[in-house]
Amino acid sequence: MGWFKRIKKGVTTETNQKKETPEGLWYKCPKCKTVITTAEHHNQLYVCDNCNHHHRINSKEYFEILFDKNKFTELNPNMTSKDPLQFEDRKKYTERLIDIQKKTGLKDAVTTAYGTINKQDAVIACFNFNFIGGSMGSVVGEKIARAIDYARETNTPFIIISKSGGARMMEASFSLMQLAKTSAKLAQLSNEGVPYFSILTDPTTGGITASFAMLGDLNIGEPNALIGFAGPRVVKETIGKDLPKGFQTAEFVQEHGFLDMIVDRKNMKEKIAQLIRMYKS
C-alpha cells in the first residue's frame, strides 16, 4: 500500500481561474544564463553581477545612468527622416519608419541632450540600437552636427555613445555623407579646444567606427563590446582563416591601440566627470 492516496484525480483548477505569471519580471543573462529579477537588473545598471556581461541599452537608460537625477534637456527632439530615394524592399522605407517609431517611441536612431554629470556640464549624443540597428541616416548626422554646434557655442564637453551597425542602406549616399559631415564638425570642435569623448558600446561597427567613433580626444570602450568595421564572420569568410581569440572585442581593440581605456558601466559616470574636470583644469 502506498503512503499517499490521491483523493481527486487530475488538475481541478478551472482554466479561467489560472493566474499567468506577468511578463518582464525576470532577466536571464544571455552569456552565463544567470536569472535575476528585472528590478535587480535595473539596479545593477543592466550589467550581470555574475559574469559582467553588459546588456545593450539605449539612450533612455544611458541618460538615466549619466545625467544627474536623470534631468536633461533634449536637443532637436522632433526631427524625422524623409525618403529622398523612395526606397522600397519588402516594405517602403516610409512605412518602416512609421512602424519603428510606433514600436520604440523614438523619432530616429540618436537622441541628443545636455545636462550635468556629477555637476559637470555635458552634451551627449546617444545611439538607440532598437531603431533600425542604430543605423546612421540624414537625421542622425544632422542631430549630431547640431549637438556639436551647441557644444561649441556653450564651450561644453561633448560625448557620443555609439551603438550602431553603420550607415543606413535605405538612404544610400545621403547616409554616407553624414560620416564626412560629423567628422568635419568634430574638427571644428577640436580647433576650439572643446573636449570630445567617444564611448564605444556593443556593437560599434561599419561607417560609425570608420568616422566619429574613433575620433575622440579619448576613446573609451565598454567591457567585451564588439568594435570593428566589418563583423568577424565577414572578415573570416573574406580571408579564409580562423580569427584570433577575442577578435574585435574592446579588449582586443585596446591591445592594438585603438582604445584608450575600457570602463565598466558602473564606473562610467564618475570616470566621465573626472575626465571633464581634468580637461577644464
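For the residues 176, 200, the requirement of being touching a strand residue (DSSP E or B) at 6+ places or on another chain (Cβ under 7 Å), surrounded by fewer than 18 Cβ atoms within 10 Å (Cβ to Cβ) and either under 26 Å from residue 256 (Cβ atoms) or assigned by TED's automatic domain parsing to the domain that holds residue 86 (or both) singles out 176. In this structure, does residue 224 turn out to be at pLDDT 95 or above, closer than 26 Å to residue 167 by Cβ, in contact with a helix residue (DSSP H, G or I) (Cβ under 7 Å, 6 or more places away or on another chain) and outside any helix (DSSP H, G or I)? Answer is yes for this residue.
Please specify each residue of segment 189-217 satisfying the condition of being of a type in the set (Ser, Thr, Tyr), part of a loop (DSSP other than H, G, I, E, B) and more than 25 Å from residue 154 (Cβ to Cβ). Residue satisfying the conditions is 205 alone. Check every one of the strands (runs of 3 or more DSSP E) wholly within segment 76-169 and list those with 1 or more residues that are of a type in the set (D, E, K, R) and surrounded by fewer than 19 Cβ atoms within 10 Å (Cβ to Cβ). Counting at least 1 such residues, we get 120-127.
Would you check if residue 64 is among the acidic types (Asp, Glu), assigned by TED's automatic domain parsing to the domain that holds residue 152, surrounded by fewer than 19 Cβ atoms within 10 Å (Cβ to Cβ) and closer than 30 Å to residue 278 by Cβ? Working first, answer last.
Working: among the acidic types (Asp, Glu): yes; assigned by TED's automatic domain parsing to the domain that holds residue 152: yes; surrounded by fewer than 19 Cβ atoms within 10 Å (Cβ to Cβ): yes; closer than 30 Å to residue 278 by Cβ: yes.
Yes.
Condition first: under 18 Å from residue 275 (Cα atoms) and in contact with a Gly (Cβ under 6 Å, 6 or more places away or on another chain). Can you find one or more residues in segment 183-196 that meet it? Yes, segment 183-196 contains at least one residue that is under 18 Å from residue 275 (Cα atoms) and in contact with a Gly (Cβ under 6 Å, 6 or more places away or on another chain).
Per this entry, residue 33 is counted among residues that are at pLDDT 65 or above and farther than 26 Å from residue 128 by Cβ.
Check 186, 218, 243 and return the single one that is modelled with pLDDT under 95 and either among the aliphatic types (A, V, I, L, M) or under 20 Å from residue 111 (Cβ atoms) (or both).
Checking each option against the conditions leaves just 243.
Filter segment 128-187 down to residues that are among the acidic types (Asp, Glu) and within 30 Å of residue 102 (Cβ to Cβ) and give me whichever is nearest to the chain's Cα centre (by Cα). Break it down into steps so the answer makes sense when it comes.
Here is the first cut: in segment 128-187, the ones among the acidic types (Asp, Glu) are 142, 149, 153, 171.
Next, from what is left, pick out any that are within 30 Å of residue 102 (Cβ to Cβ): 142, 171.
Numbers: 142: 18, 171: 21 Å.
My answer is 142.
Out of curiosity, is residue 198 over 22 Å from residue 46 (Cβ atoms), among the hydroxyl-bearing types (Ser, Thr, Tyr) and either within 20 Å of the chain's Cα centre (by Cα) or modelled with pLDDT under 95 (or both)? Give the derivation first.
Numbers: over 22 Å from residue 46 (Cβ atoms): no; among the hydroxyl-bearing types (Ser, Thr, Tyr): yes; either within 20 Å of the chain's Cα centre (by Cα) or modelled with pLDDT under 95 (or both): yes.
No, not satisfied.
Check whether at least one residue in segment 51-73 is modelled with pLDDT of 95 or more, aromatic (Phe, Trp, Tyr) and touching a helix residue (DSSP H, G or I) at 6+ places or on another chain (Cβ under 7 Å), and report yes or no. Among the residues of segment 51-73, at least one is modelled with pLDDT of 95 or more, aromatic (Phe, Trp, Tyr) and touching a helix residue (DSSP H, G or I) at 6+ places or on another chain (Cβ under 7 Å), which makes the answer yes. Name every residue in segment 233-250 that is in a helix (DSSP H, G or I) and loosely packed, with under 15 Cβ neighbours inside 10 Å, in order of residue number. Matches in segment 233-250: 233, 234, 236, 237, 238, 239.
The values are calculated or read from the model by the stated rules, or taken from the named source; none is laboratory data. As the structure is a computational prediction, the values presented were derived from the model and not from experiment. Neighbour counts run over all protein chains shown; Cβ positions are idealised from the backbone, glycine included.
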